[in-house]
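*Asks:* Sharing a structure below in structure tokens format, with a few things to ask.
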Amino acid sequence: EVMNRVNVFSTVMPHCDPNALTGATLQRCDHCQRGGIKLAKCSGCALAKFCSRECQAKAWKNTHKYVCKASKHRFEEGTQVVLYGLVKAAQHNGKTAVVVKFLPETGRFCIELPPNSEGESPIQLSTKPQNLQRKM
């Protein structure tokens, strides 16, 4: 339906970019990706947008509390963390690492383990925020 309207419009107005009209630029809920509706901004950071309280709560539990500027749980670049609960890289549980960056496309953090005493290169891992604990 939308594409039919875009095609009709682009024949009448050939200088317009139909991709600009397809919804690719619509703002979407940061949790469920629903678009075309009114979104509420996070009151803490005003960056994240949600379509409902349910999506906001789920996003907070999953990842947003780790990246929201107003959160006490936030992991910023350079934060020292301890790894725990890792399954695929269990040998790194209990080790101290440094947060490199947040990877929004996966909801994970890129962390870096320092080189060991044998002169190896630092190791970078992508891990869930639930596997990180702020080093005290």
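The values are calculated or read from the model by the stated rules, or taken from the named source; none is laboratory data. Keep in mind that what you see is a predicted model, and the values were worked out from it rather than measured. With ideal geometry, Cβ positions are generated from the backbone for all residues, glycine too; neighbour counts draw on all protein chains shown. Note: areas computed on protein heavy atoms with side chains; ligands, DNA, RNA excluded. Shrake-Rupley method; radii C 1.70, N 1.55, O 1.52, S 1.80 Å.
*Asks:* If packing is taken as the average number of other Cβ atoms within 10 Å across a peptide's residues, how do 33-39, 45-51 rank, most packed first? Intermediate results must be reported in sequence, preceding the final value.
*Replies:* Details: 33-39: 12.0, 45-51: 17.0.
Ranked by mean Cβ neighbours within 10 Å, highest first: 45-51, 33-39.
*Asks:* Below 21 Å, Cα to Cα, which lysines can LYS41 reach? Residues fewer than 8 away in the same chain don't count.
*Replies:* Straight-line reach from LYS41, under 21 Å: LYS49, LYS58, LYS61, LYS65, LYS69, LYS72.
*Asks:* Shifting gears a bit: Give me the distance in nm between label points sitting 7 Å out from Cα along the Cα-to-Cβ direction at GLN27 and LEU86, one decimal.
*Replies:* 3.8 nm
*Asks:* Charges at C-beta only: +1 for Lys and Arg, -1 for Asp and Glu. How large is the resulting dipole of the range 19-72 about its Cα centre, in Debye rounded to 20? Intermediate results must be reported in sequence, preceding the final value.
*Replies:* On the way: 11 positive and 2 negative charges, 41 e Å.
With only Lys, Arg, Asp and Glu charged at Cβ, the dipole is about 200 debye.
*Asks:* Another one. Spin-label point model (7 Å from Cα, Cβ direction): what's the LYS101 to GLU77 distance in nm?
*Replies:* According to this spin-label approximation, the distance is 0.7 nm.
*Asks:* Roughly how many Å² is the accessible area per residue of the range 19-72, as a whole number, for a 1.4 Å probe? Display every interim value, and only then the final one.
*Replies:* Details: 3690 Å² over 54 residues.
In whole numbers, the range 19-72 has 68 Å² accessible per residue.
*Asks:* Quick check: residue separation of GLN133 and LYS69 times 0.36 nm, minus the Cα distance between them. What number comes out in nm?
*Replies:* On the way: separation 64, 0.36 × 64 = 23.04 nm, distance 1.75 nm.
Separation in residues times 0.36 nm, less the Cα-Cα distance, equals 21.3 nm.
*Asks:* Hey, can you find the accessible area per residue of the range 79-134 for me, probe 1.4 Å, expressed in square angstrom? Before the final figure, lay out each step's value.
*Replies:* Working: 3400 Å² over 56 residues.
Here the per-residue accessible area is 61 Å².
*Asks:* Please give me the summed charge of the neighbours of LYS72: other residues whose Cβ is under 14 Å from its Cβ, Lys and Arg +1, Asp and Glu -1.
*Replies:* On the way: positive: LYS65, LYS69, ARG74, ARG134; negative: GLU76.
Neighbourhood net charge equals +3.
*Asks:* Just the number, please: carbon plus sulfur as a percent of the accessible area of the range 79-134, 1.4 Å probe, no ligands or DNA/RNA counted. Show your work: numbers first, answer last.
*Replies:* Values: 1760 of 3400 Å².
Of the solvent-accessible surface of the range 79-134, carbon and sulfur hold 52 percent.
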